[in-house]
1. Determine by what factor the alpha-carbon radius of gyration of the stretch 438-509 differs from 2.2 N^0.38 Å, reporting the quotient.
2. Can you compute 3J(HN,Hα) from phi for each residue in the stretch 571-581, using the Karplus curve 6.51 cos²θ - 1.76 cosθ + 1.60 with θ = phi - 60°, rounded to whole Hz and x for Gly and Pro?
3. Please list the non-local residues whose amide H lies under 5 Å from the amide H of L99, H modeled 1.01 Å from N, same-chain partners needing a gap of 5 or more.
4. What are the ³J(HN,Hα) couplings of the stretch 409-426, residue after residue, when phi is run through the Karplus curve with 6.51, -1.76, 1.60 and θ = phi - 60°? Round to Hz, x for glycine and proline.
5. Where does the stretch 394-457 land on Rg/Rh, using Cα atoms and the Kirkwood Rh?
6. Taking H placed 1.01 Å from N in the peptide plane, check which residues at least 5 places from R451 or on another chain put their amide H under 5 Å from its amide H.
7. Quote the FRET efficiency, to the nearest 0.05, computed for N33 versus K287 with a Förster distance R0 of 60 Å and r equal to the Cβ-Cβ distance.
8. Mind ranking M100, M582, M362 by accessible surface for me, highest first, 1.4 Å probe?
Amino acid sequence: MNSTEGVGPPDGHVLCVGEFTINLVQRRLFDANGAEVEISPRLFDALALFATSRGELLDKDRLLQELWPGQIVEENNLNKTVSALRRTLGDDPEHPRYLMTVPRRGFRFVADVHRGGPGALPAKALLHAEASREESVKRPRSKTQPPLPITGSQRSGLGRRGMVAGLSTAALAAGAGGIYVWHRVTRTDSPAPTATLAVLPFSPLATGANDPALELGMADSLITQLSAIPDVIVRPIGAVRRYATANADSDPVRAARELGVQWIIDGTVQQSGDRTRVTARLLDASKGTAAWTASFDERFVHVFDVQESISRRVAEVLRPRLAARQARAQPSGTRNAEAYRIYLQARYHSMLFTPEDFRLSMSLYNQAITTDPKYAYAYVGLADALRRSIYTSNATPKTTFEAIRDAAARAVEIDPMLGEALALLGWVSYQHDWDWAVAEQTFLRARELNRSSVDASSGLAHVLMSAGRHLEAARAFGRSTEIDPSSPLTNTLEGGILTILGKVGEGVARMRRAITINRDFWIAHLFLGNVMSQVGDHDQAPPPLGRAHELSKGSAWAAGSWSYALAKAGSRREARSVLDTMKEKAKVEYISPSALATAHLGLDEFEEALAALEEARRLRDARMVFLSVDPRLSPLHGTARFSAIARDIKLDPGLARAPSPF
């Protein structure tokens with residue numbers, strides 16, 4: 001076996017490190033005799049990071065960000081962690097065999113690191129899917145007509161229901177056996193931006209005068225406006241939300257370092273009667289100095305002027321450092337103070353990400369739209385909340401996706417250059433219409449219009465993944481993580497595609513990082529449990545899946561995977577109980593038929609699984625887009641009924657050869 005030197009993490013999930021062996025999936029450490037070594041979660045994270053970066057100089061800033069994501073800690077914590085890790089490994093800092101200190105810079109892992117073979121672990125610790133390291137077989141590319149670009153005339157003449165159809169591309173050839181395959185190479189690695197920027201939630205001017213909706217809303221509105229500046233990546237509101245109120249006195253320069261940005265905006269805001277007082281400043285994070293400061297005292301109805309003034313001054317500071325391109329004018333906002341006030345409340349509740357808050361936010365968005373029918377961002381917010389309800393509230397796909405289409409198309413009618421709205425139309429094409437070429441082209445256009453859009457890059461990545469273009473998908477998922485590196489969702493999704501590529505250990509590490517960022521993020525628990533189940537770690541899979549079901553408050557997506565894992569772990573009675581509960585709920589609300597199919601597959605009930613998938617096809621269940629990456633469906637491959645489903649959806653299930661958490 002070859003040492004891993006400066007080439008990134010090895011593909012295997014078992015690493016031989018000097019005298020020790022690491023299981024990255026089970027998070028266990030064994031000594032040379034096969035005895036398990038006790039190690040804390042923090043120390044394991046540090047060891048895994050060093051081992052998968054063998055030979056690379058890891059500076060202290062990166063180590064602090066990786067090991068304490070989203071937290072403000074002193075450098076002394078890092079020194080204590082390194083010392084404890086050295087004690088665990090029996091390492092001497094004066095004559096290091098594992099960890100070498102590079103004075104005033106950081107640390108370098110110097111021990112040999114090898115991929116583990118079948119004898120690398122004691123028998124009790126072996127995983128049962130070494131074949132998972134194999135990358136999906138590359139299929140020959142069919143000769144296709146490249147999708148046509150979206151033109152201005154197509155965008156401007158579209159009605160609501162005809163919006164996505166108006167973006168349609170040339171018909172593409174069908175692959176062998178009637179499976180629809182498109183393989184046009186997408187450039188997912190666009191040139192790096194010149195500047196990165198974050199806007200912190202504004203703080204209250206006076207203690208006890210908190211207004212979370214206004215404080216977050218000011219930042220959110222500025223993020224939206226500043227995203228229109230060419231060659232600037234602006235961190236989304238989800239990335240900065242943790243700095244709201246409770247951490248309002250934190251150092252903005254430190255926040256900039258944690259967020260990985262060159263420029264940062266912070267400020268204060270307070271509303272008193274009909275007046276709003278605002279202070280703001282733009283800081284150069286590398287120097288710790290203010291490039292611009294201002295204060296405003298205006299009536300609330302003039303808050304839009306304040307935001308525009310701040311955005312304009314920031315653009316003036318950054319523009320000499322950027323390409324000489326102007327930010328576009330935005331007709332997407334509102335000048336109606338009441339509509340904006342309602343919108344702020346809607347945005348605040350949608351960020352809480354619970355079924356109840358999504359329902360409340362949708363009601364508020366509709367109120368904002370009634371108050372100002374030309375408020376494009378309110379339509380975007382409504383469409384986004386509706387899309388999230390597919391995952392969180394077991395929403396019916398047909399009526400929900402039609403509502404998303406109507407709201408997003410209305411936003412594009414108001415502002416044809418609104419990338420966020422186009423991205424939502426891309427999700428409709430992908431998850432509901434199953435029009436893969438239109439979805440891909442729409443996401444590409446959305447990303448072109450807004451390079452700070454996580455939704456556009458993530459949507460493109462999903463389309464590429466479903467097509468079997470996994471390496472391209474990995475680059476697009478990675479792009480999402482670059483835009484929002486502290487997001488549990490972007491880390492989870494990138495971990496998912498790494499797993500599909502056979503990099504199980506690296507993928508699991510990303511999912512665990514997501515849980516470290518937000519321990520209650522149920523999708524990370526779902527992905528982690530799915531991977532464990534599929535690599536044969538059956539006893540360890542049900543707990544995270546049960547936790548995902550609990551945290552999601554009953555998502556059918558989590559329930560189906562939980563039942564499957566319980567059955568594979570030998571707990572068939574419990575698996576049956578979960579499935580029966582899903583069936584009872586299906587009598588009164590929408591329960592994903594594809595999730596029911598997953599539960600039936602765990603119990604080896606193949607006829608019932610096929611019937612559920614046929615119902616999922618009829619109802620256009622959103623999970624059907626994962627048919628080409630879900631190896632749990634493999635027992636159905638080759639049956640006439642399943643082949644008919646695959647032909648209708650135009651995906652190739654034969655691509656699902658590696659573990660997949662999706």
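The values are calculated or read from the model by the stated rules, or taken from the named source; none is laboratory data. All values reported here derive from a predicted model rather than from experimental measurement. Note that each Cβ is placed from the backbone with ideal geometry, even for glycine, and that neighbours are counted across all protein chains shown. What goes into the accessible areas is simple: the full protein's heavy atoms, side chains included, and nothing from ligands, DNA or RNA. Shrake-Rupley method; radii C 1.70, N 1.55, O 1.52, S 1.80 Å.
1. Rg over 2.2 N^0.38 Å, computed on Cα atoms: 1.03.
2. My calculation for the stretch 571-581 gives 8, 5, 5, 5, 4, 4, 4, 4, 4, 4, 5 Hz in order.
3. V110
4. 5, 4, 5, 5, 4, 6, 9, x, 9, 7, x, 4, 5, 4, 4, 5, 5, x
5. A ratio of 0.97.
6. none
7. 0.65
8. Putting M100, M582, M362 in descending order of accessible area: M100, M362, M582.
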